[in-house]
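A short reminder: the numbers here are calculations on the coordinates, not readings from a lab. Just so it is clear, the structure is predicted and the values come from calculations on it, not from any experiment. Note: ideal-geometry Cβ built from the backbone for every residue, glycine included; neighbour counts use all protein chains shown.
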Amino acid sequence: MKLTDAINTLGTNEVIRIAEDIAREIGIDWNDGSRFVFTVIANDVGRAPGNIGGKNDDERAVIKKWLNKYKSGYEGRASQRVSNPPGTVADPIIEKIIGTRIPDLTDDDLAKITYAHRLGMSAENILGLILEEYLSDNLQANGWHCAWGETVKAVDFVNEDGRLLQIKNRSNSENSSSSSVRDGTVIEKWYRIKADRIEYMWDTLNNLCNTTHLSEEGFVQFVKDTLTSNPNCLAVEQGNSWDSN
């Protein structure tokens, strides 16, 4: 059974009642966000992730899987996660290409370029998680709750008043699902920075969320605080060009 089938079978009120019961069993504070996030999919099954549930699952099992997905997303937020270094090795030909084009580069220069490129990709991989947590910390008082673990399709935050919000880091990273409309509900969209120039969009988000305190300066400080308190959020490969060991 899929989660969508369970919702359709049980109906909104019963599926919410069971979810609250299971949340209590597995240590989720139902009133700290999960209630509002789950209510979105309970009221609109089209928002439920389609990949939750297997042939041997009953209604309680698939609801529990959703709650565990939400819990894992929350527990794996940027301030708590331990990231893994890239699982692949660098292709040596890349240094040959760059070295041939810029022959004045030394072998050490080329090694640093390789490691810096891979480190930059790792940083990009966690950027969305850091942005998500910054917004969660700063918007919960305004009724916005993060859909941790991608537990609502095409939605990153839900408001207690029913509004839905998808966030992206850059203007060119939006996808077609962000424009989806169901039952007359539009997913509001926001991105942090324009892709073709350095222009931040915090004023837009402040207006959308009825706040004044979100800013690039605040986000930068949050990034620094997060990486200072949890350096393992960003994996650094052993043997890199700056490793003093």
Legend entry - Of Gly73, Gly99, Gly120, the one that fluctuates the most in a GNM where the chain has Cα springs shorter than 10 Å: Gly99
Inset, instruction - Set the Förster distance to 41 Å, then compute FRET efficiency between Thr211 and Ile26 from the Cβ-Cβ distance, nearest 0.05. - result: 0.80
Inset, instruction - May I ask you to list, by number, the DSSP H helices of the chain whose Cα span along the axis is at least 18 Å and whose average Kyte-Doolittle hydropathy reaches -1.0 or more? - result: 12-25, 107-139, 216-229
Legend entry - Relative contact order (%) - the stretch 92-233, alpha-carbon pairs under 8 angstrom, separation at least six: 15 percent
Inset, instruction - Could you work out, for the chain, what percent of all Cα-Cα pairs fall into each 10 Å distance bin, beginning at 0 Å and stopping at the bin that holds the largest distance? - result: 7, 26, 29, 21, 12, 5, 1
Legend entry - Unit charges at the beta carbon, dipole of the stretch 1-85: most positive-side option, Ser79, Phe38, Asn56: Ser79
Inset, instruction - Give the relative contact order (percent, whole number) for the chain; include only Cα pairs under 8 Å separated by 6+ residues. - result: 21 percent
Inset, instruction - Would you mind counting up the charge near Leu110? Only other residues with Cβ under 12 Å from its Cβ, with Lys and Arg at +1 and Asp and Glu at -1. - result: -2
Inset, instruction - Step through the table entries Lys64/Lys153; Lys96/Lys168; Lys168/Lys224; Lys194/Lys224; Lys153/Lys189; Lys112/Lys168, compare each Cα-Cα distance with 24 Å, and write down the pairs that go over it. - result: Lys96/Lys168; Lys112/Lys168
Inset, instruction - Would you pull out the residues with amide H under 5 Å of Asn169's amide H, same chain only if 5 or more places away, H placed 1.01 Å from N? - result: Arg192
